[in-house]
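Right, one structure below, let's go through it.
The values are calculated or read from the model by the stated rules, or taken from the named source; none is laboratory data. From a predicted model like this one, the values you see are computed outputs, not experimental measurements. Ideal geometry is used to build each Cβ from the backbone, glycine not excepted, and the neighbour counts take in all protein chains shown. For accessibility, only protein heavy atoms count, side chains too; no ligands or nucleic acids. Shrake-Rupley method; radii C 1.70, N 1.55, O 1.52, S 1.80 Å.
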Amino acid sequence: MERSRVTGEAPTGTRILLASLSAMVAETVTFPIDLTKTRMQLHGSGSHRIGAIGVVSEIARKEGVIGLYKGLSPAIIRHMFYTPIRIIGYENLKGFVGNKGESLPLATKALVGGISGVIAQVVASPADLVKVRMQADGRLVSQGLKPRYSGPIEAFTKILQSEGPKGLWKGVLPNIQRAFLVNMGELACYDHAKHFVIEKKISEDNIYAHTLASIMSGLASTTLSCPADVVKTRMMNQGEKVVYRNSYECLVKTVRLEGVRALWKGFFPTWARLGPWQFVFWVSYEKFRQLAGLSSF
């Protein structure tokens, strides 16, 4: 029997607050890895090949330690919308499609997770766009050029002025494709893996079970989502100068010019981020739920 079923005594407002707090902690701790991943994905075929360690060293040397947190504020704003919607949406949809106390098949959990991720990403896409633009701006600074935006408010304002309201949702298609794949892998895998570990008596419902489940979900979600993540990052980084008309053209051009492996550019820092991010998030969220007197996820 599935022990994580959310019951009537779990108020939605409380779960939203706990998910937001856990996401803010996880995002702050792992943001430098996310920045590294974004910078690596923006390196085209003609760029000097540089690994994750080289990217981090270059950022720290040219921009200082604070450069590792370029774009943190819009990232946190994004997660205040994105994470609660997908987490609470997953729990509620699971309760809607399944009977109380009944464990759902993995395929059903994957579909529910994907749908929850799509809804959350559509809402949070503008903040994600600003985050990507500000992370990319760090490269301009390191090259001695003036950044496009001084902060998230100016970024929102300039994008609205130069690209219109639709500009805030630039790259939304590859964004929701990625969100579907990430949440299909993350939520379903974490949920299923945690209960497998518990039911097989490998561990109790504790930090060990949460750690094992987060590692497995991080690897699954990264493998599934990395190609869409590369396309999303390149699409969203476009300003007024359009290089790719749509996500399909971006995908085709990337493969043609840089090879299929380019679709997994930044795989290691992506996985290295998702693993710790999910570990910090899930451990925090499960602990917060326990302190609030709620059942586990």
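Considering the stretch 211-263, its Cα convex hull presents a mean projected area of 4.3 nm². Listed cross-link partners K158/K241; K146/K241; K70/K194; K131/K253; K37/K170 are compared with a 22 Å cut-off, the Cα-Cα value being larger for K70/K194; K131/K253.
Screening the chain for whole DSSP H helices of 15 Å or more along their axis (Cα) with average Kyte-Doolittle hydropathy at least 0.5 returns 12-42, 106-142, 207-237. When each of the peptides 222-232, 193-203 is scored by the mean number of other C-beta atoms lying within 10 Å of its residues, the order from highest to lowest reads 222-232, 193-203.
Per residue, the solvent-accessible area of the chain (1.4 Å probe, heavy atoms of protein chains only, all protein chains present) comes to 45 Å².
Determine the share of the chain's accessible area contributed by carbon and sulfur atoms, expressed in whole percent, with a 1.4 angstrom probe. With neighbouring chains kept in place, the figure for the chain is 67 percent. Of the residues M184, S247, F267, the one whose Cα sits farthest toward the positive end of the charge dipole of the chain, with +1 on the Cβ of Lys and Arg and -1 on the Cβ of Asp and Glu, is S247.
Of the GluC sites (Glu not before Pro) found in the stretch 232-272, those that fall in a DSSP loop while having at most 16 other beta-carbon atoms within 10 Å are E240. A simple spin-label model places the labels of V123 and T12 0.9 nm from each other, with each point 7 Å out along Cα-to-Cβ.
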